[in-house]
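Colleague: This is the structure I have questions about; it appears just below.
Read the figures in this text as sums done on the coordinates, not as results from a lab. Predicted model, so just to flag it, every value in this text is computed and none were measured. We place every Cβ from the backbone using ideal geometry, glycine too, and count neighbours over all the protein chains shown.
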Amino acid sequence: MTELTQTRSAEGRLAGKIALITGAAGNLGGAIVRRYLAEGAVVVLSGRDPARTTAAMESALADTGMDASRASIVTMDGANIESVRAGIAEVVARHARIDVLVNNAGSAGPKQPLDNLPLSAADLAELGGVDSETVGDAARNIMVVAWNMVRAAAPAMGEGGSIINVSTIFSRTEYYARAAYTVPKAALNVVSREMARELGARGIRVNQLYPGPIASERIRTVFAAMDRLRGDEAGSTAGHFFDLMALERSVDGAPRAKTFPLPADIAGTCVFLGSDESAAFAGHDFEVTHGMAVAPESRSTYISRPTMRSIDGDGRAVLVAAGSQLDDALAFAKVLAGCGARVLLGFHAQAALDDAAGQLPAGAEAALFPRHDHVQMDAALDAFTAAHGPISGALVLPTRAAGYFSGALGAASDAMVERFVDDELEGSIAVARTLSRYWRGAALDADPRFVFVTNGDDGAGNSYANVLRAAIEELIRVWRDESGVSVAHARRARAEWGNQIIRYSNAETECLSFAAGQAARLLLK
Ligand code: NAP
């Protein structure tokens, strides 16, 4: 017998660990709880509904034959930081510390293509009850839930502590009609990595788990709905993801085949990551996907300096959607107008719009373009279109200027977390929805193009900018895929094409003008 199996049989791989598992009454949560109990952990099951969580606990204790003293419940809504702080205080009063935090909780978000995503209660009502979460609710129930838990629980954790954040492999793939789910998960991926660095200094490791499609009724229902929404044959979504898998496997005696990984595979990985066997891992990605070939996040850097000689924007109209960053917005407008394009500078903030007066380059005009008011955004686009013809390209800056959101993610104030989600995550999706709706009806003679451009270096590590960068990368992936599928099924005439330019990692003084040149090439060439 090896040393490892002796330890295992004597006391379990998690013996003596106090483990807090969120979403414990859910599908994967139930599997993780059972394995943690079986491996010797003292488990605190977290959920929003005490009756549901208690039932989950009793069933897990009965299935594993463990003593009732090994498990308890705590009631927390992860989207509400006050509720999380109160829950963590209860756990600390009970056990004095937390050794392992499994951030498994996460909702599914609304299942609608980008141009139909609900941003408000009124939008949800219009959808007739098929979805229960807005984009903002989903960002909170998917990304903030884990961020809040880490912020509140980390002070109760010490050296050797382990945090496991459950993301999804679909935060790095196209995933039709699920931007509201995959964009916050993509943001969570970077929150995890940033937190691994911040908490690593205290000996706490943070790792990231990417389940693939896990065998369950839920995934079959999700994929069946996706086939219908795409307009494709039944089974095509599952088939596409099977094609990405390397591994064939026989499950429950069935012949070897491409299959979905099992809840037990997730639970096993969580055991490894919660145990001291993974003491050397921090900030790592663990994919539980049967070897799906999915690219890591991609960040390109400038490899060439754009020349402006052959860019002709004559007769074209473009939008520069800015937040509060006046100088950057003017610089982009100047280059685009200099290429001959007619420019609409849309500011999220009234103050920036006021300050822009008198500074606009020839060929540009400005309007209010507030990201939380789609009626006003529509009105700005319609008025400009009536005067100058359809807009064929859009450059989108973050809602807030560099430095507004900055510093350690673990030290984020409650207000900053809320504002970041509202302004940047929801704000980006709101602009994308507005543009996608606009382009669905626009009379264009070429495919529309968009480019998201990050702020410049914030001088403080760019942690928030990096989270937003990953979220936008996924938003662009889903948007392009949805648009292409809609064109293939004749639901829209032109496919939208877009990309992202990252400025904060380039410290050269010419960074802004390089970015403006690249943006002009992407939008006008
Ligand atoms: P599930 O059965 O729907 O469970 C999700 C759990 O999340 C629920 O128990 C729910 O808790 C909890 N939750 C949602 N919003 C919350 C909030 N604001 N505060 C606290 N808890 C909240 O889903 P699952 O399939 O087990 O998924 C678990 C995790 O794996 C999720 O993060 C999901 O995104 C991820 N994942 C799953 C798959 C898959 O194929 N199943 C694939 C990729 C990733 P309540 O009990 O309080 O309602």
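Colleague: Hey, could you get me the Stokes-Einstein D for the range 319-407, Kirkwood radius over alpha-carbon pairs, 20 °C and 1.002 mPa s, rounded to whole µm² s⁻¹?
Modeller: 165
Colleague: Work out the FRET efficiency for ALA264 and ALA362 from their Cβ-Cβ distance, taking R0 = 60 Å, and round it to the nearest 0.05.
Modeller: 0.35
Colleague: If you don't mind, another one. Take the Cα gyration tensor of the range 411-525, multiply each eigenvalue by 5, square-root it, and list the three semi-axes largest first, rounded to whole angstrom.
Modeller: 28, 19, 10
Colleague: Which percent of Cα-Cα pairs in the chain sits in each 20 Å bin, short to long?
Modeller: 22, 52, 23, 3, 0
Colleague: For the range 16-146, build the charge dipole from Cβ charges (+1 Lys, Arg; -1 Asp, Glu) around the Cα centre, then report which of LEU28, THR134, GLY65 sits farthest towards its positive end.
Modeller: Of the options given, the answer is GLY65.
Colleague: Continuing with this model, one more query. When the dipole is taken about the Cα centre of the range 374-463, and only Lys, Arg (+1) and Asp, Glu (-1) are charged at their Cβ, what size is it in debye, to the nearest 20?
Modeller: About 240 debye.
Colleague: Follow-up question, since we're still on this one. Antiparallel as a % of all DSSP beta bridges within the range 218-375, to the nearest 5?
Modeller: 10
Colleague: Just to check I understand the Karplus step: with θ = phi - 60° and J = 6.51 cos²θ - 1.76 cosθ + 1.60, what whole-Hz values come out for the range 278-287, glycine and proline as x?
Modeller: With coefficients 6.51, -1.76 and 1.60, one gets 9, 4, 8, 9, 8, x, 9, 9, 10, 9 Hz.
Colleague: Mind checking which of LEU353, LEU330, GLY203 is farthest towards the positive end of the chain's charge dipole, using Cβ charges of +1 (Lys, Arg) and -1 (Asp, Glu) about the Cα centre?
Modeller: Value computed over the given set: GLY203.
Colleague: What are the ³J(HN,Hα) couplings of the range 240-254, residue after residue, when phi is run through the Karplus curve with 6.51, -1.76, 1.60 and θ = phi - 60°? Round to Hz, x for glycine and proline.
Modeller: Couplings: 4, 6, 4, 4, 7, 7, 7, 9, 9, 8, 9, 10, 6, x, 6 Hz.
Colleague: Which trypsin sites (Lys or Arg not before Pro) does the range 229-292 hold that lie in a coil by DSSP with at most 10 other beta carbons within 10 Å?
Modeller: The qualifying sites are ARG256.
Colleague: Using unit Cβ charges (K, R positive; D, E negative) and no other charged atoms, how large, in debye to the nearest 20, is the dipole of the range 67-172 about its Cα centre?
Modeller: Taking the Cα centre of the range 67-172 as origin, the dipole is about 420 debye.
Colleague: To continue, here is another question. Any idea what angle helix 179-200 forms with the longest principal axis of the chain, computed on alpha-carbon atoms, 0 to 90 degrees, nearest 10?
Modeller: 70
Colleague: Using only Cα atoms and rounding to the nearest 10 degrees, what angle (0 to 90) does helix 374-388 make with the longest principal axis of the chain?
Modeller: So the helix axis and the longest Cα principal axis differ by about 30 degrees.
Colleague: Which whole-number percent gives the relative contact order of the range 285-397, counting Cα pairs below 8 Å spaced six or more residues apart?
Modeller: Relative contact order, the range 285-397: 27 percent.
Colleague: Still on this structure: Could you calculate the FRET efficiency of ALA293 with ALA93 from 1/(1 + (r/R0)^6), where r is the beta carbon distance between them and R0 is 60 Å, rounded to 0.05?
Modeller: 0.80
Colleague: Can you work out the PRE-style zone for GLN376? Point 7 Å along Cα to Cβ, and I want the residues of the range 112-143 with backbone N under 11 Å.
Modeller: none
Colleague: Taking the alpha carbon gyration tensor of the range 175-231, what are the square roots of 5 times its eigenvalues, largest first, to the nearest whole Å?
Modeller: Here the semi-axes work out to 32, 13, 5 Å.
Colleague: Right, here's the next one. Going 7 Å from the Cα of ARG440 toward and past its Cβ, which residues in the range 168-198 have a backbone nitrogen under 20 Å from where you end up?
Modeller: Residues passing the 20 Å test: 175-183.
Colleague: Extension gain ALA234-ALA279, at 0.36 nm per residue separation less the Cα-Cα distance, in nm?
Modeller: In short, 11.8 nm is gained.
Colleague: Also, quick follow-up: Measuring from label point to label point, each 7 Å out along Cα→Cβ, what is the ALA86 to SER505 span in nm?
Modeller: Going from the ALA86 label point to the SER505 one covers 4.3 nm.
Colleague: Run the helix sum for the chain: -39,500 (n - 2.57) per DSSP H stretch of 4+ residues, divided by residue count, reported at 222 nm to the nearest 500 deg cm²/dmol.
Modeller: The helix contribution divided over the chain gives -13500 deg cm²/dmol.
Colleague: Over all directions, the average projected area of the alpha-carbon convex hull for the range 151-266 comes to how many nm²?
Modeller: 9.0
Colleague: Return the Cα extents of the range 1-149 along principal axes one, two and three, sorted largest first, each rounded to a whole Å.
Modeller: Rounded to whole Å, the extents work out to 60, 33, 26 Å.
Colleague: Output ³J(HN,Hα) for the range 114-130: one whole-Hz value per residue in order, computed from phi by the Karplus curve 6.51 cos²θ - 1.76 cosθ + 1.60 with θ = phi - 60°, and x for Gly and Pro.
Modeller: Calculated HN-Hα couplings, in order: 3, 6, 10, 5, x, 9, 9, 4, 5, 4, 4, 4, 4, 6, x, x, 6 Hz.
Colleague: Out of residues 5 or more away from VAL74 or on other chains, whose amide H comes under 5 Å of its own, with H placed 1.01 Å from N in the peptide plane?
Modeller: Hits under the 5 Å cutoff: LEU45, SER46, GLY47.
Colleague: Placing unit charges on C-beta atoms (Lys and Arg positive, Asp and Glu negative, everything else neutral), compute the dipole magnitude of the chain about its Cα centre in debye, rounded to 20.
Modeller: 700
Colleague: Which FRET efficiency value, to the nearest 0.05, do you get for ALA225 and PHE272 by plugging their Cβ-Cβ distance into 1/(1 + (r/R0)^6) with R0 = 45 Å?
Modeller: In this case the efficiency is close to 0.85.
Colleague: In addition: Report Rg (one decimal) and Dmax (nearest whole number) for the range 179-333, counting Cα atoms only, units Å.
Modeller: 22.0, 66
Colleague: What per residue convex hull volume, in Å³, do the alpha-carbon atoms of the range 132-207 yield?
Modeller: 77
Colleague: Count the DSSP beta bridges whose two residues both fall in the chain, then state the antiparallel fraction as a percent rounded to the nearest 5.
Modeller: 0
Colleague: Moving on. Taking amide hydrogens as modeled 1.01 Å from N in the peptide plane, which residues meet the under 5 Å criterion relative to ARG249, leaving out close sequence neighbours?
Modeller: So ARG249 has HN proximity to ALA257, LYS258, THR259.
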